[in-house]
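J.: Sharing a structure below in structure tokens format, with a few things to ask.
The values are calculated or read from the model by the stated rules, or taken from the named source; none is laboratory data. Everything numeric here is computed off the predicted structure, so don't read it as measured data. Don't worry about glycine lacking a Cβ; one is built from the backbone with ideal geometry, like all the others, and counts go over all protein chains shown.
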Amino acid sequence: MKLFNRDRLNSVIAVSAIMISLASFYATYLQARAANQQVKIMTMPVIQFSHGNYDEESNQSKITFGFRNAGAGPAILKSVSFKYKNVEYSSTHDFLRACCQEEHKMMKNKFNRNYKNHHPPLDEGFQSSSEINEVIIPSQSEYPFYSLSRGTATSELWEKINQERWNLSISACFCSPLGNCYESNSKKISMEVNQCPDN
């Protein structure tokens with residue numbers, strides 16, 4: 001008795017060919033997926049928030065807030081959230097108004113009263129801030145977005161921010177040039193998200 005006739009043999013050959021094709025397709029899929037993951041890792045940004053009260057380069061007391069991209073690829077900042085005493089704010093200005101409004105007014109009054117028509121000397125102190133949305137931070141670089149040097153006009157504000165900065169946490173949502181988006185804060189670093197919220 002024959003185990004296989006011609007039709008049954010052709011069926012076995014056809015099924016085997018299909019199984020080989022499926023295995024080949026799956027292997028190609030796994031290879032492409034691995035390559036995609038490798039590209040994602042090679043371009044993944046890692047944003048970290050930092051703050052300090054002394055600038056070694058200028059050798060002066062200066063409050064600084066900034067981001068550092070410790071990842072392998074550039075980061076495009078999409079949104080930043082400031083959490084201060086369990087309340088969220090969307091900008092540096094809103095945080096300063098919440099924490100230090102009185103001291104900020106004192107500083108502005110000193111500048112307006114003494115230096116209304118000309119620039120104050122450097123020992124009076126100065127404040128500067130930069131844009132934080134749609135900013136590109138290259139890999140392994142820093143981006144300071146707020147600074148306040150200590151001087152005779154800024155001393156009260158400097159002292160207050162120096163104290164309150166420890167009550168501040170910042171979360172940032174950012175994307176890689178490939179369109180992969182991530183979120184980081186003080187508790188987690190670069191967790192992938194579908195998209196960044198509108199600021």
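J.: Counting only residues that are small (Gly, Ala, Ser) and farther than 24 Å from Ser155 by Cα, how many does the stretch 48-105 have?
T.: Adding up the residues that qualify gives 8.
J.: Within the stretch 123-132, take every residue that is under 23 Å from Pro45 (Cα atoms) and exposed (fewer than 14 other Cβ atoms within 10 Å of the Cβ) and give me the one that is nearest to the chain's Cα centre (by Cα).
T.: Only one residue fits best here, namely Glu131.
J.: Continuing with this model, one more query. What strands (runs of 3 or more DSSP E), lying completely within the stretch 1-94, carry at least 2 residues that are modelled with pLDDT of 90 or more and aromatic (Phe, Trp, Tyr)?
T.: 47-55, 60-69, 75-84
J.: Out of the stretch 152-189, which residues are part of a loop (DSSP other than H, G, I, E, B) and crowded, with 20+ Cβ neighbours inside 10 Å?
T.: Ala153, Thr154, Ser176
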